[in-house]
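Written out below as structure tokens is the structure these notes cover.
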Amino acid sequence: MKGVDVLATAFRNAFRSRLRTSLTVLAIFIGAFTLSLTNGLGTGINQYIDDTVASVGVDDVMTVTKASEEEPTEGPAEYDPNQIATDGAPGATATALTDDDIDTIADIDGVESVEPSKSVLVDYVRHDDGTRYQLSVAELVPGMRMELVAGEQVDLDATDPELVLPESYVEPLDLGSAADAVGQTVALAVTDATGEQVTTEATVVGVAEPGVITMGGAVPNDVLAEELYDLQTTGAPEAETTRYAEASVSFDTTGGAAQTEALQDRLADAGFTGSTLEDQLGTITAVIDGIVLVLNGFAVIALVAAGIGIVNTLFMAVQERTREVGLMKAMGLSSGRVFSLFSIEAVVIGLVGSALGVLGAVGAGQLVNSVSGDLLADLPGLTLIAFDPVSIATVVLGVMAIALLAGTLPALRAARQDPISSLRYE
Amino acid sequence: MVSPLLSVSNLHKTYGSGPSAFEALKGLDLDIAEGESIAIIGKSGSGKSTLMHLLALLDRPTFGSIVLDGTDTSRLSAKQLNQTRNSAFGFVFQQFFLNAQASVLDNVTLPLKIAGVGRRERTAQGIAALAQLELDDKAGNRANDLSGGQKQRVVIARALINQPRVIFADEPTGNLDTATGTVVEDILFDLNRRRGINLVVVTHDEELASRCDRRIYIRDGLIAAREAVAA
């Protein structure tokens with residue numbers, strides 16, 4: 001028997017008992033549907049995080065802080081004059097980096113450049129003489145990209161102060177539409193070390209969509225950041241102005257993860273902690289991956305149950321076709337071909353079930369996405385359930401493999417059938 | 001003398017082993033000449049079905065040899081046995097063994113499909129075989145929709161399609177009324193006479209047996225009597 005004929009015959013045989021096959025296909029459909037959906041959920045959320053990463057920072061930059069010299073102990077911690085408040089949980093502090101530390105970091109092998117983060121506390125932002133609003137300012141790292149509604153990214157090399165304003169500020173500041181806001185000038189106020197409030201002006205070059213990490217923050221270019229920092233530190237003792245919560249270190253990523261790790265080790269030896277963006281986001285993705293894994297586990301259990309359904313269906317088919325198999329063997333069909341006929345029949349059932357399941361999941365995903373778009377309006381750009389071709393192919397091929405495995409036992413029974421006893425009639 | 005097509009000597013077949021062993025054939029000798037029609041007659045349990053299965057190479061003897069066309073079949077591999085059955089033998093069964101859901105044409109061309117013949121060639125030969133039995137207008141019908149006599153003619157077309165040298169018929173008219181049975185018999189003997197296809201018929205039916213060139217009576221695993229029609 002030719003391979004083509006084996007395939008065609010197996011395909012036709014699979015649908016000879018329509019109700020029975022449909023029920024088995026339904027069981028596989030449920031498993032494949034669930035697995036695709038849970039996979040899609042993981043893909044969607046992780047994709048969103050990946051996209052967001054680009055607006056948070058870039059992968060060749062690591063954030064370096066000074067490692068706490070003392071292990072955290074129970075009871076009150078001793079006062080350290082170099083401690084400053086960090087962005088973390090309220091009350092969290094970190095040991096500040098000094099200019100000396102910056103020089104030390106710059107000398108470490110593998111560090112291409114180091115830039116201390118100058119944190120700026122803006123009191124308010126105001127347009128013309130309108131209402132004053134609080135504004136937080138995020139720092140822009142070269143290569144960072146924000147999702148913009150209008151305008152463009154800030155030009156880091158520009159000589160004029162520029163900033164990208166979050167979309168939510170456009171209306172309160174009376175800037176008109178997002179597109180109108182681009183090109184207008186806003187005033188930013190900071191309080192300097194002597195307690196005096198001073199303002200400076202900057203041009204709005206872009207309007208950003210709120211992202212998960214930079215949510216609600218404005219992003220200045222270097223000139224503006226410098227200016228704000230200088231204004232803020234005017235009149236402060238030098239010890240105060242040269243203390244930084246953290247520094248951004250650029251490094252070469254061509255060496256891969258191993259080299260990055262080596263650099264982190266060297267930083268640790270020098271008394272600093274370097275963490276890449278991946279490290280910071282790793283926890284989030286790990287949790288999501290964990291949840292998806294558990295959900296996938298349930299889907300796989302459903303698939304295994306469906307696999308047993310295939311075993312059952314095929315045993316019945318073998319039983320029903322005893323005489324047919326006997327006749328074909330009498331006419332010279334080899335046992336190997338009989339085995340393939342039933343194995344492929346199982347794979348066909350698996351293929352149909354998983355293909356329908358995946359299609360159903362894509363459809364359901366689309367439905368969920370349109371609903372979740374309204375429910376999760378705060379997370380623009382989030383596709384809750386996303387499908388990538390690789391995971392879809394994996395689900396279909398995986399189910400086909402399970403089906404093939406499930407078909408083995410019945411196919412073996414069919415292949416071993418003796419034509420004489422199959423053709424005996426009483 | 002021309003060497004026989006099938007030659008069987010000292011054929012033994014035992015089912016099971018130990019105290020429950022059952023000896024179905026106890027040393028049987030038989031030669032079947034080219035173009036001969038032969039009837040194997042016996043009560044149930046006499047060993048006639050076992051003999052046919054061995055002759056048709058569906059089973060291997062416990063002891064003894066079956067020589068087909070000068071080749072000792074015990075030396076053939078499973079694959080060669082499959083090929084031999086596929087190309088040299090045709091089977092006609094009392095119970096038809098048609099695939100009820102499939103079309104008449106698909107049923108008839110099954111041996112060619114097993115042999116690995118392409119679809120186009122299969123269809124052409126299938127229609128030709130059906131035409132010989134005046135069933136070509138039924139090619140597209142489902143096998144289940146045919147009458148008993150038509151079904152048996154489809155089975156004969158299926159047995160004929162690979163141009164076999166021997167047709168094994170196990171009670172070919174057992175499920176048919178007398179008139180239809182006679183038509184089927186006529187077809188079989190006509191094939192035997194005109195195309196020189198050997199017929200090996202297993203039957204209870206004395207009338208059918210009497211139309212064969214030779215009759216072999218089997219009793220308790222041995223040949224009880226041989227009768228030839230005076231030519």
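Here are the numbers:
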quantity	calculated
Filtered residues of the range B:184-219 (kept if touching a Lys or Arg at 6+ places or on another chain (Cβ under 8 Å) and assigned to a helix (DSSP H, G or I))	B:VAL184, B:GLU185, B:ILE187, B:PHE189, B:ALA209
Only listed residue being modelled with pLDDT under 90, under 15 Å from the mean Cα position of the chain (by Cα), within 14 Å of chain A (Cβ to nearest Cβ) and in a helix (DSSP H, G or I), chosen from B:SER49, B:SER87	B:SER49
Boolean, A:LEU327 is within 20 Å of A:PHE11 (Cα to Cα), in a loop (DSSP other than H, G, I, E, B), within 14 Å of chain B (Cβ to nearest Cβ) and more than 35 Å from the chain's Cα centre (by Cα)	no
Residue check, A:GLU162 modelled with pLDDT of 85 or more and in contact with a helix residue (DSSP H, G or I) (Cβ under 9 Å, 6 or more places away or on another chain)	yes
Check on B:THR62, touching a strand residue (DSSP E or B) at 6+ places or on another chain (Cβ under 8 Å), more than 11 Å from chain A (Cβ to nearest Cβ) and either polar (S, T, N, Q) or surrounded by fewer than 17 Cβ atoms within 10 Å (Cβ to Cβ) (or both)	yes
B:GLY90 open to solvent by less than 10 Å² (accessible area, probe 1.4 Å), among the small types (Gly, Ala, Ser) and under 29 Å from B:ARG60 (Cβ atoms)	yes
Count of residues meeting criterion [assigned to a loop (DSSP other than H, G, I, E, B), aliphatic (A, V, I, L, M) and closer than 16 Å to B:ALA129 by Cβ] in the range B:90-114	2
Qualifying residues in the range A:389-426 (those that are open to solvent by 60 Å² or more (accessible area, probe 1.4 Å) and within 14 Å of chain B (Cβ to nearest Cβ)) - the one farthest from A:LEU356 (Cα to Cα)	A:GLU426
Neighbours by Cβ (under 7 Å, 6+ apart or cross-chain): first from the range A:105-130, free of Cβ contacts under 8 Å to residues at least 40 places away in the same chain and assigned by TED's automatic domain parsing to the domain that holds A:GLN184; second open to solvent by 20 Å² or more (accessible area, probe 1.4 Å) and assigned to a strand (DSSP E or B)	A:ALA106/A:VAL114
Residue match in the range A:404-412 (condition: over 44 Å from the mean Cα position of the chain (by Cα) and farther than 16 Å from A:THR21 by Cα)	yes
Top-ranked residue in the range A:330-371 [being under 30 Å from B:ASN86 (Cβ atoms) and away from chain B (no Cβ under 14 Å); ranked as surrounded by the fewest Cβ atoms within 10 Å (Cβ to Cβ)]	A:VAL348
The range B:106-117 - residue that is touching a Leu at 6+ places or on another chain (Cβ under 9 Å) and of a type in the set (A, V, I, L, M) and, of those, nearest to the other protein chains (Cβ to nearest Cβ)	B:ILE114
In the range B:118-138, residue nearest to the other protein chains (Cβ to nearest Cβ) [restricted to those that are over 23 Å from B:ASP177 (Cβ atoms) and crowded, with 21+ Cβ neighbours inside 10 Å]	B:ARG122
Every residue from the range B:61-81 that is closer than 19 Å to B:SER49 by Cα and part of a strand (DSSP E or B)	B:PHE63, B:GLY64, B:SER65, B:ILE66, B:VAL67, B:LEU68
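The values are calculated or read from the model by the stated rules, or taken from the named source; none is laboratory data. The shown structure was predicted, so the numbers you read here are calculated from the model rather than taken from an experiment. Virtual Cβ from ideal backbone geometry, glycine too; neighbours counted across all protein chains shown. To get the accessible areas, we keep the full protein, side chains included, count just its heavy atoms, and leave off ligands, DNA and RNA. Shrake-Rupley method; radii C 1.70, N 1.55, O 1.52, S 1.80 Å.
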